[in-house]
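**Q** What follows is a single structure, and I will ask about it in a moment.
The values are calculated or read from the model by the stated rules, or taken from the named source; none is laboratory data. Being a predicted model, the structure only gives us computed values, none of them experimental. Backbone-built Cβ (ideal geometry, glycine too); neighbour counts: all protein chains shown. In case anyone asks, the SASA skips ligands and DNA or RNA and just uses the protein heavy atoms, side chains included. Shrake-Rupley method; radii C 1.70, N 1.55, O 1.52, S 1.80 Å.
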Amino acid sequence: MSTRLAKGGRLINRTAPVEFSFNGKKMKGFQGDSLAAALLANDQVMVGRSFKYHRPRGIVAAGPEEPNALVNLGTGARLEPNQRTTTTELFSGLEATSQNHWPSLSFDVGVINNYASRFMPAGFYYKTFMHPRPFWKHVFEPVIRRAAGLGKAPTQGDADRYEQAYAFCDVLVVGAGIAGLKAAKSAADAGQRVILVEQTPVLGGRAPVDDTEVDGKPVEAWLSAMEADLAARDNVTIRVRTVAAGVYDHGYVLADERVADHTPGDGRPKHRLWRIRTAKVINAAGAIERPLSFAGNDIPGVMLAGALRDYVVNYGVSPGDRTVVVTNNDSAYQTALALKAAGLDVPAVLDARASATGALPEAARKAGIRVITGHGIAKVKGGKRVTGVSVCAQAGEGSVTEEIGCDAVAMSGGWSPVVHLWSHCGGKLNWDDTISAFVPDPTRPPLNHDGSAMVEVVGAASGDLDLSGKPSTIPPVWVMPQGAPIKLRSKMWLDYQNDVKVSDVQLAAREGYMSVEHTKRYTTLGMATDQGKLSNINGLAILADSLGSEIPQVGTTTFRPPYTPVTIGALAGESRGDIFQPLRRTPMHEAHEKAGAYFEPVGLWRRPYCFPRAGETHEQAVHREVNNTRNNVGLLDASTLGKIIVKGPDAGKFLDMLYTGVMSTLPVGKCRYGLMCNEQGFLSDDGVVARIDEDTWLCHTTSGGADRIHGWMEDWLQCEWWDWKVFTANVTEQYAQVAVVGPNARKLLESLGGMDVSKEALPFMQWADGTLAGFPVRVYRISFSGELSYEIAVPASHGAAFWEACTKAGKAFDAMPYGTEGLHVLRAEKGFIMIGDETDGTVIPQDLGLDWAISKKKADYLGKRGQDRSYLASPDRWKLVGFETLDGSVIPDGSYIIASGTNANGQRNTQGRVTSTYYSPTLKRGIAMGLLKHGPTRMGEVVEFNTVKGGTVKAKVRDTVFFDKDGEKQNV
Amino acid sequence: MLTLECPYCGVKADETELAPGYEAHLKRFGPGSSPEEFEAYMFARKNPKGVHFERWRHAYGCGKWFLAARCTATLEVFGTYPAQVSEPPADIIKKIQARRPEWKSGWQPDGKGTK
Amino acid sequence: MSDPVSALNGASFNGFASVREVGPLGMISLRHKGGAALTKAIKAAVGTKVPAQRKIEVAGDKACGWMSPDEYLLVLPYGEVGAAMDALAKALDGEHHLAADVSDARAVFRVEGDKADQVLAKLSPVDFATLEPGELRRSRAAQVAAAMWAQDGGFTVVCFRSVAVYVMGLLTHSAQPGSELA
């Protein structure tokens, strides 16, 4: 029976009872309990079932290494699966349910796998479900998936908030045990900025459990003096409930602070992910006790000796009335003594070593505890709970010498230093024969930016397992008894959570697995949520033995962050909901929202796609907007257009290098369309350039292209032509820009009043400064629609007001706003290309028939050499033409133009593809542009496009200008 | 997550404040260059395990491009310097030689630049 | 003409620190390689000396911040930008330079209170404990560019206008009561 002791429990507050529930059953614990401690206090020893065989599993550990006792925590929007009971602080109203069983924890159908376990060896799935192949997808996988998985995935959005924070320090100490506290103090003494993180809610580590002395003082007294000392210092920050999850390059450490796990719903962030930059990490993370491999070592009631001692001393909980201790080292005797001191029965300590003569064994004997050396456990008896152990000689094959009745077993197979943080960035390990463990090799540390050691390891994490500094000796005991037959070995668990046994690793070795990394993946050893904290060393020792090799030669698997699981919420931090990512809004955004705009993303911008009216589909809205723009006047929010000022004595020369055309000769007051290519020659951006004054140009870029092009300009100015006198400034967001487009455009602007926008005063491809309706404006007479069109820039702070003024004045001229889809249709009707539609990073301007925009005279421009490459200069390239379907339909987006025959892969040959395809409300038929092999020489030919449904659609090749070929409409 | 000191503004910038620009000290080959020269300029990139020269832009900062010499294996940074040079400064070379006596390779695509 | 409207029209939030959008504020981006003419121009435009690397010189309601070796941010009342631009043009006549009015391209926030730095420490990889008095730090706030400096018992944070809603969301999230870092 596991129960609460009448007294004791250094971490609990007996005057503060806490109610919680497990599988719906109401239970009581105390403030300060871990959930595991509280469950044990309520005699809930069995808390889950294993992953593969569904065997009953109990609490094994008392810390983050716990493999078994995982629960679903909370409900609804606060449900979290796979929460470790050992690191979950008890709080009032906590609701936990056990995992991986059906229909109930004590009666589980899946346990059939347990009885069939000898038919489910390592690699079972790989071997069994290979054939017939189609069965995998339709039969095997769905069944396996239903049976797999531990916790329940939440179905609701997370109700909690999370955040991240940056911190900087000279020394980050991980672990507030004695070694960590001492390291923090000495760094603080040296005047360094120190952050000390501790995964539990309290400082002190394991030392207070063992009632040791530190520096000649009782540990509790030493501890409170140290806590007071550190708390008083300005240069020390202590964060409890904070796990250093990973160490990364240049002293970057991620640490997960469980701010409000124990106070859910109090409004504080549930977790806070610290992004710490430190000059040095001191790893004082301690050591983790290892299980021993004996048959039945997974039966509820078998626990790590240190954990069992934690429950007795820290929480006043007795996991069993009679506990057999089994060990290969002295530390487990502490547990025997602690149990005895708590008035509990320890029928025997089974010590696998031939003799045990240290101070602790002697103290145990003196306390009247029977010590049986040279012996171990042949088999643990019991099903859902330990009922006794069979004793055998460690040297033999498991002949039972004695049966001992008990309800708990405390085991210790030695201790493994927690080297994770040392190893994350490549710190190397040595195998230490004295303590049978991997320890950090201080001569091969992970390196910092200056080549110095980034991580230092102190205390038990460095292999110093004895506070007094005396070297501890822990002889290896990997299998108990050492000659155990298969019948016993197939019940010796290495990885409790993933159900990997000694026999599985041995089988893998027999089947030819030599590498520890492969064996891990084949057997799934160490691949569960605990990442093998208990199992890895035992597993690779078994592998080494099976291969007739030594442990250091076999080596460890790679230690990767995070040390313990970090919830996705913490990694996302503030990036959720409205601030998941920055959405860029123009000054007129709110007006568009009020007008019922349907938005689409353009880069990070949100632009109106169309402005649907009541009862209208988006398609109908687009057609209305296009027709109105062609017949009356349309208003477009063009604020997202990139605007970059380029100024200086060498600005003209610079722009001539940047654009394929010539910009240096552009007269002041005029505009010119330009193309920019990358050095490979591929078209990268386009836009209208305006000459502002003698040494100033304003370059318009595509929406969303402004930052990229500005960066591109600065790259060349800073890194290649740094002696050229040119400055740039990205003023994209300084101006709101409104395009007033259509036959009534001039009339609308004239009604606003303030400047002359007549054909004579402001001809096509010119700009002018002035005022309209009292707003300071710069008006560009440019057109992306083929209509009479003005693009008007106003300071962004007046953008919304100017838009409103245009809308109001526009009523008299039947003005309507139009969106990006209307813009696309209008430009496609005129055969204007769109970066990202006609281009995809493999298209040169010559492919698009834009040779007229490429200077033949210039010796050089960015991309010129690239375009000279034979492949790009080939006459066989796909080139831009227009298409009209014979039946008037719209060619599907993404269609290819099929050619005869098939390629080497048996796919239909192609000779081109569509790049833009729309229904033209102006022409009342489908129109398209696309790239076609030898396109411009094939006018009038009929080609076939594939369609999504299968079959093809026939279209006639034609020029790209579908509407107003002579440009009469824009030139008025 | 590297930290690199921007030589222009002196900020010890976090990698998230920087934009990478790949290999440094490339020589541009424009019109008239041979296919081999253009290929070397456009495509041939060293991928050394060890000393490497890179371009970085202090994108979330002063906006300037700078160059960095670092070891791709240990991530040791030998130094950062302004981009307006065609070869690494002498003090950076000296520092690399002190830290990596065996270092021989140059910083140009054709291996030239060995000191 | 209407009055100029800042990106969020003065939105605010009170958490463990207070956050408010201010403005419209006049800002000029000035690019120049440095020298006597620059000193004269900055003096004429905002009345300060040329700031040292990463510093901002404040003079009343005007300031000049160092943005890069050849870029300065002039801060001044919105209505005085035109005069300042004229002064710059005059002082830098014949000098290679670029002065651009960027008043409307920015959103400006004030984060105030004893723990204002903690709001920003959640968003920017900046060591606020070592930020020097009068230091202007360009960095990022979560996913967008931001410039910030300590002034008058709080911080001024400048970002692009188009992401003002996002930055206000960030600051609001970070200043939630109960989420103090220390």
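**Q** Just the residues that are without any contact (Cβ under 8 Å) to a residue 60 or more places away in the chain, open to solvent by less than 20 Å² (accessible area, probe 1.4 Å) and aliphatic (A, V, I, L, M), please, taken from the range A:674-730.
**A** Answer for the range A:674-730, where residues must be without any contact (Cβ under 8 Å) to a residue 60 or more places away in the chain, open to solvent by less than 20 Å² (accessible area, probe 1.4 Å) and aliphatic (A, V, I, L, M): A:689, A:698.
**Q** Scan the range A:387-419 for residues that are in contact with a strand residue (DSSP E or B) (Cβ under 8 Å, 6 or more places away or on another chain) and outside any strand (DSSP E or B) and jot them down.
**A** Across the range A:387-419, the qualifying residues are A:394, A:398, A:399, A:406, A:407, A:413, A:414, A:418, A:419.
**Q** When you look at residue A:275, is it over 25 Å from residue A:67 (Cβ atoms), away from chain B (no Cβ under 14 Å) and either open to solvent by 10 Å² or more (accessible area, probe 1.4 Å) or under 18 Å from the mean Cα position of the chain (by Cα) (or both), yes or no?
**A** It is false that residue A:275 is over 25 Å from residue A:67 (Cβ atoms), away from chain B (no Cβ under 14 Å) and either open to solvent by 10 Å² or more (accessible area, probe 1.4 Å) or under 18 Å from the mean Cα position of the chain (by Cα) (or both).
**Q** Would a scan of the range A:194-205 turn up a residue that is out of contact with any Phe, Trp or Tyr (no Cβ under 7 Å at 6 or more places or on another chain), under 30 Å from residue A:558 (Cβ atoms) and surrounded by fewer than 19 Cβ atoms within 10 Å (Cβ to Cβ)?
**A** The answer is no; no qualifying residue exists.
**Q** Please tell me if residue A:360 is modelled with pLDDT under 95 and on the phi < 0 side of the Ramachandran plot.
**A** yes
**Q** Here are some residues: C:157, C:75. Which one is of a type outside the set (Phe, Trp, Tyr) and within 14 Å of chain B (Cβ to nearest Cβ)?
**A** Matching residue, one of C:157, C:75: C:157.
**Q** What helices (runs of 4 or more DSSP H), lying completely within the range A:809-919, carry at least 1 residues that are over 39 Å from the mean Cα position of the chain (by Cα) and among the aromatic types (Phe, Trp, Tyr)?
**A** The helices (runs of 4 or more DSSP H) meeting that bar are A:870-873.
**Q** Exactly one condition in (1) farther than 22 Å from residue A:199 by Cβ; (2) open to solvent by less than 10 Å² (accessible area, probe 1.4 Å) is not met by residue A:23; state its number.
**A** Here residue A:23 meets the rest and fails (2).
**Q** Then there's this: Residues being within 14 Å of chain C (Cβ to nearest Cβ), over 25 Å from residue A:703 (Cβ atoms) and open to solvent by 30 Å² or more (accessible area, probe 1.4 Å): count how many of those fall in the range A:539-581.
**A** Residues meeting the conditions: 4.
**Q** Of everything in the range A:356-370, what is within 23 Å of residue A:294 (Cα to Cα) and within 51 Å of the chain's Cα centre (by Cα)? Give them in sequence order.
**A** A:356, A:361
**Q** What number of residues within the range B:1-53 are within 14 Å of chain C (Cβ to nearest Cβ), open to solvent by 10 Å² or more (accessible area, probe 1.4 Å) and among the charged types (D, E, K, R)?
**A** 4
**Q** So, one more: Out of curiosity, is residue A:477 of a type in the set (Val, Ile, Thr) and under 32 Å from the mean Cα position of the chain (by Cα)?
**A** no
**Q** What single numbered condition from (1) under 27 Å from residue A:653 (Cα atoms); (2) in a helix (DSSP H, G or I); (3) among the small types (Gly, Ala, Ser); (4) within 14 Å of chain C (Cβ to nearest Cβ) fails to hold for residue A:805?
**A** Against the list (1) under 27 Å from residue A:653 (Cα atoms); (2) in a helix (DSSP H, G or I); (3) among the small types (Gly, Ala, Ser); (4) within 14 Å of chain C (Cβ to nearest Cβ), residue A:805 comes up short only on (1).
**Q** If a residue must be over 15 Å from residue A:549 (Cα atoms) and either among the basic types (Lys, Arg) or over 22 Å from the mean Cα position of the chain (by Cα) (or both), how many such residues does the range A:509-531 contain?
**A** Count: 9.
**Q** Right, something else. Out of all the residues in the range C:102-111, is one or more open to solvent by 30 Å² or more (accessible area, probe 1.4 Å), within 12 Å of chain A (Cβ to nearest Cβ) and under 18 Å from residue C:74 (Cα atoms)?
**A** Yes: the range C:102-111 contains one or more residues that are open to solvent by 30 Å² or more (accessible area, probe 1.4 Å), within 12 Å of chain A (Cβ to nearest Cβ) and under 18 Å from residue C:74 (Cα atoms).
**Q** If a residue must be without any contact (Cβ under 8 Å) to a residue 60 or more places away in the chain and among the β-branched types (Val, Ile, Thr), how many such residues does the range C:50-92 contain?
**A** Number satisfying all stated conditions: 3.
**Q** Turning to a different aspect of this structure: Give the number of residues within the range A:582-611 that are within 13 Å of chain C (Cβ to nearest Cβ), open to solvent by 50 Å² or more (accessible area, probe 1.4 Å) and more than 31 Å from the chain's Cα centre (by Cα).
**A** The number of residues fulfilling the criteria is 2.
**Q** Could you look through the range A:757-794, keep only residues that are among the charged types (D, E, K, R) and touching a strand residue (DSSP E or B) at 6+ places or on another chain (Cβ under 8 Å), and pick out the one that is surrounded by the fewest Cβ atoms within 10 Å (Cβ to Cβ)?
**A** A:769
**Q** Here is a further query. Out of all the residues in the range A:221-237, which are touching a strand residue (DSSP E or B) at 6+ places or on another chain (Cβ under 8 Å) and open to solvent by 60 Å² or more (accessible area, probe 1.4 Å)?
**A** A:231
**Q** If we only count strands (runs of 3 or more DSSP E) wholly inside the range A:146-251, which ones have 2 or more residues that are among the small types (Gly, Ala, Ser), more than 14 Å from chain C (Cβ to nearest Cβ) and under 30 Å from residue A:578 (Cα atoms)?
**A** Ranges flagged: A:242-248.
**Q** A further question on this structure: Please state which one of C:155, C:128 is surrounded by fewer than 21 Cβ atoms within 10 Å (Cβ to Cβ) and either closer than 20 Å to residue A:168 by Cα or at pLDDT below 95 (or both).
**A** C:128
**Q** Further, regarding this structure: Take the conditions within 24 Å of residue C:162 (Cβ to Cβ), within 14 Å of chain B (Cβ to nearest Cβ) and surrounded by 19 or more Cβ atoms within 10 Å (Cβ to Cβ) and apply them to residue C:30. Does it pass?
**A** no
**Q** I've got another one for you. Report, by residue number, each residue of the range A:880-897 that is open to solvent by 30 Å² or more (accessible area, probe 1.4 Å) and in contact (Cβ under 8 Å) with a residue 24 or more places away in the chain.
**A** A:884, A:886, A:887, A:889, A:890, A:892, A:893, A:896
**Q** What number of residues in the range B:56-81 are within 14 Å of chain C (Cβ to nearest Cβ) and among the aliphatic types (A, V, I, L, M)?
**A** 1
**Q** Follow-up. What are the residues in the range A:695-745 that are more than 11 Å from chain C (Cβ to nearest Cβ), assigned to a helix (DSSP H, G or I) and among the small types (Gly, Ala, Ser), if any?
**A** A:711, A:745
**Q** When residue A:686 is evaluated against the numbered criteria (1) more than 14 Å from chain C (Cβ to nearest Cβ); (2) under 29 Å from residue B:58 (Cβ atoms); (3) in contact with a helix residue (DSSP H, G or I) (Cβ under 6 Å, 6 or more places away or on another chain), which criterion, by number, is the only one it fails?
**A** Checking residue A:686 against (1) more than 14 Å from chain C (Cβ to nearest Cβ); (2) under 29 Å from residue B:58 (Cβ atoms); (3) in contact with a helix residue (DSSP H, G or I) (Cβ under 6 Å, 6 or more places away or on another chain), the one that fails is (3).
**Q** Let me ask something else. Here is a list of conditions, (1) more than 8 Å from every other protein chain (Cβ to nearest Cβ); (2) without any contact (Cβ under 8 Å) to a residue 40 or more places away in the chain; (3) out of contact with any strand residue (DSSP E or B) (no Cβ under 7 Å at 6 or more places or on another chain); (4) over 30 Å from residue A:794 (Cα atoms), and residue C:130 meets all of them except one; can you say which number that is?
**A** Unmet for residue C:130, out of (1) more than 8 Å from every other protein chain (Cβ to nearest Cβ); (2) without any contact (Cβ under 8 Å) to a residue 40 or more places away in the chain; (3) out of contact with any strand residue (DSSP E or B) (no Cβ under 7 Å at 6 or more places or on another chain); (4) over 30 Å from residue A:794 (Cα atoms): (1).
**Q** Using beta carbons and a limit of 6 Å, which pairs, at least six apart or on different chains, have the first residue in the range A:181-202 and under 18 Å from residue C:182 (Cα atoms) and the second one outside any helix (DSSP H, G or I) and of a type in the set (Gly, Ala, Ser)?
**A** So the pair list comes out as A:196/A:176; A:197/A:244; A:197/A:255; A:198/A:176.
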